[in-house]
Amino acid sequence: MLILGGTSEARALAAALVADGVPVTSSLAGRVAAPRLPEGGVRIGGFGGPDGLASWLAEHDVAAVVDATHPFAERISASAAAGCATAGVPLLRLERPGWEPGPGDDWRWVDSLDEAAALVPELGTRVFLTSGRQGLSAFAGVTDVFFLARCVDPPEPPLPPRIEVLLSRGPYRAEDEAALMREHRIDVLVTKDSGGTHTEGKLTAARELGIPVVMVRRPPHPDVEVVTDVDGARAWLARHRGLHHHTTGA
């Protein structure tokens, strides 16, 4: 089995498959300097596009692929769909459900970070930016707003002129997020619809503090079968393992 991605779901699936006695390799993009490594085999770096992936799948006799990349890793998902189609290998998308606004939430949905950057000055002057280091350049032209940007690794320029970078990795508790927002007098939160509980605390904090949230919608993904949890992925893999006679605990 090949698992694409370093998400918490990908790590949980790898651990479950190792426990089931299934040979598994996890492929990480290598964008984080010190990634959390999953159990089982690990490879870091790209495959060289869809054709490179197709060749790798054939060479390593892969029975099935699970794309458990981040909901916003659209290039990798497109490449996985094309590569698996070429190689004739079944592909599943494991994607946590997106976030849903609840009572008391003030969410503004946008389709991109560029749209978020255009909207931010209309909403406030002190922005908590939690969209990842690679998207910060979208805000470089926003000169009259202070940004508190949180990311795992240091960002590359261009960056907004008024920015403080906070290097940190979740999970985050809602009360700590609220304290951070109060300390920095934050009046707008910008985030992507990543889903999951790992970073959900900031949304609870924004609701409690009455802060508007600019939420970037997920990009469209290739038309492949999708499950939302590890058990669903294990059940799918059990059906697609072909000649691999391992038993699962599922």
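Observations, loosely collected:
- Evaluated against (1) open to solvent by less than 10 Å² (accessible area, probe 1.4 Å); (2) under 28 Å from L94 (Cα atoms), F139 falls short on exactly one condition, (2).
- Scanning segment 1-43 for residues that are over 14 Å from the mean Cα position of the chain (by Cα), closer than 16 Å to H70 by Cα, open to solvent by less than 50 Å² (accessible area, probe 1.4 Å) and without any contact (Cβ under 8 Å) to a residue 60 or more places away in the chain returns A14, S26, S27, P38.
- Taking segment 124-155 as the range and being modelled with pLDDT of 95 or more and charged (D, E, K, R) as the test, the residues that pass are R126, D144, R150.
- Residue match in segment 105-119 (condition: out of contact with any Pro (no Cβ under 6 Å at 6 or more places or on another chain) and modelled with pLDDT under 95): no
- In segment 230-250, the residues that are within 15 Å of V66 (Cα to Cα) reach residues that are open to solvent by 60 Å² or more (accessible area, probe 1.4 Å) and at pLDDT below 95 with C-beta atoms within less than 8 angstrom, at least six apart or across chains, in these pairs: D231/A250; R234/A250; A235/A250; A238/A250.
- All conditions but one from (1) open to solvent by less than 50 Å² (accessible area, probe 1.4 Å); (2) under 25 Å from T228 (Cα atoms) apply to G46; the one that does not is (1).
- Sole residue being under 25 Å from L203 (Cβ atoms), more than 18 Å from the chain's Cα centre (by Cα) and open to solvent by 30 Å² or more (accessible area, probe 1.4 Å), chosen from R133, R126: R126
- G46, sole failed condition from (1) under 20 Å from the mean Cα position of the chain (by Cα); (2) farther than 30 Å from L203 by Cα; (3) assigned to a helix (DSSP H, G or I): (3)
- In segment 71-81, the residues that are in contact (Cβ under 8 Å) with a residue 60 or more places away in the chain and either open to solvent by less than 40 Å² (accessible area, probe 1.4 Å) or not acidic (D, E) (or both): P71, F72, A73, I76, S77, A78, A80, A81
- Number of positions in segment 144-156 that are in contact with a helix residue (DSSP H, G or I) (Cβ under 9 Å, 6 or more places away or on another chain) and either surrounded by 14 or more Cβ atoms within 10 Å (Cβ to Cβ) or closer than 16 Å to L113 by Cα (or both): 9
- Within segment 89-123, considering residues that are crowded, with 19+ Cβ neighbours inside 10 Å and charged (D, E, K, R), the one farthest from the chain's Cα centre (by Cα): R93
- Tabulated pairs, segment 137-150, first part of a strand (DSSP E or B), second open to solvent by 10 Å² or more (accessible area, probe 1.4 Å) and among the acidic types (D, E), C-beta under 6 angstrom, 6+ apart or interchain: L148/E164
- Check on R93, under 23 Å from S8 (Cα atoms), of a type in the set (K, R), touching a strand residue (DSSP E or B) at 6+ places or on another chain (Cβ under 9 Å) and touching a residue at least 40 places away in the same chain (Cβ under 8 Å): yes
The values are calculated or read from the model by the stated rules, or taken from the named source; none is laboratory data. Remember, predicted model here, so these are calculated numbers, not experimental data. We place every Cβ from the backbone using ideal geometry, glycine too, and count neighbours over all the protein chains shown. What goes into the accessible areas is simple: the full protein's heavy atoms, side chains included, and nothing from ligands, DNA or RNA. Shrake-Rupley method; radii C 1.70, N 1.55, O 1.52, S 1.80 Å.
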